[in-house]
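Since the structure comes first, as structure tokens, the remarks are kept for the end.
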Amino acid sequence: MSSGSSTNVLEAPDASHVMRSPFCKPAMQGHPLVGASILSADFTLLADEVDAVMAAGADALHVDVMDGHFVPNLSMGPAVCAALRSHMPDAVLDVHLMVERPDQFVDAFVSAGADHLTFHVESPVNHVEVASQIAEANCTAGLAVNPDTPIEQVLELAEHFSFFLVMSVRPGYSGQSFIPEVLPKVERLASELGSGIWIQMDGGVSPATANACREAGCNMLVSASAIFGGGDYAGVIRSLRGK
């Protein structure tokens, strides 16, 4: 496969991928970023799909990892991440660990080329230790929260993380309907942690729901089926940004 290229507004790693840079500060961007979740991509044409979506303006490839325990579904592992890194050396790979034991997956995904690793506040681990494990591997640690979990659990740990992901569906499957009741979680994060943090929304994010996400304080929108389910990748990405 030929190596794809794109202009990322995140600080992408160099081809050697020895040192992974964190997200730029949101204030440096001027517009929300868009992560294309490959969960809804055509895996028989994955190289073509990621080439097309990055060329259409996506800022990162979002890789949803499910272990069949933390969520009922089972999805991609480090081999898929490694294939993406090999094909697109400059792409930002944003890995979302929907797993029971994220500490057992960190090293494998770092070796596979991940830039950012997000795991859940609901995972039964020592969150501070896992965040340190990720940081020591020169990756950025993110903390995710499910729709039914009080945001206070995230705020108690906020100082140890560089960005936050609010689930607007119950994790496990793409194509679910957006849950608007999670928007106050975003507002609370933005209010208490300030404008210098990243807040991602993931789940049911589409042109129809993106405006509410942005108004609540999200500065990165993750979308799967809304992008890959249609033919106009660039048009959907512009709509997600509010352009």
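Here is a yes/no grid of residues against (1) at pLDDT 95 or above; (2) out of contact with any helix residue (DSSP H, G or I) (no Cβ under 7 Å at 6 or more places or on another chain); (3) hydrophobic (A, V, I, L, M, F, W, C):
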| site | (1), (2), (3) |
| --- | --- |
| S3 | no, no, no |
| S6 | no, no, no |
| L10 | no, yes, yes |
| A15 | no, yes, yes |
| M54 | yes, yes, yes |
| A83 | yes, yes, yes |
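Residues in region 181-199 that are assigned to a strand (DSSP E or B) and in contact (Cβ under 8 Å) with a residue 40 or more places away in the chain: W198 alone.
The set of residues in region 187-243 being out of contact with any strand residue (DSSP E or B) (no Cβ under 6 Å at 6 or more places or on another chain) and among the β-branched types (V, I, T) consists of I197, T209, V236. Within region 200-218, the set of residues being assigned to a loop (DSSP other than H, G, I, E, B), closer than 12 Å to L240 by Cβ and touching a helix residue (DSSP H, G or I) at 6+ places or on another chain (Cβ under 7 Å) comprises V205, S206, P207, C218.
Return yes or no: is A226 outside any loop (DSSP other than H, G, I, E, B), of a type in the set (G, A, S) and in contact with a Gly (Cβ under 8 Å, 6 or more places away or on another chain)? Criteria not met by A226.
When G217 is tested against the conditions (1) touching a residue at least 40 places away in the same chain (Cβ under 8 Å); (2) surrounded by 20 or more Cβ atoms within 10 Å (Cβ to Cβ); (3) small (G, A, S), the lone failure is (1).
Among the residues of region 78-127, the ones that are buried (at least 24 other Cβ atoms within 10 Å of the Cβ) and assigned to a loop (DSSP other than H, G, I, E, B) come to 4 in all. Cβ-Cβ distances below 6 Å connect the following pairs, each with a first residue in region 92-109 that is under 11 Å from V130 (Cβ atoms), a second residue that is of a type outside the set (S, T, N, Q) and crowded, with 24+ Cβ neighbours inside 10 Å, and a separation of six or more residues or different chains: L97/V65; L97/F119; P102/F119; F105/L97; V106/I134.
The values are calculated or read from the model by the stated rules, or taken from the named source; none is laboratory data. This structure is a prediction, so every number in the text was calculated from the model and none was measured. Positions of Cβ are generated from backbone atoms using ideal geometry, with glycine treated the same way; all protein chains shown enter the neighbour counts.
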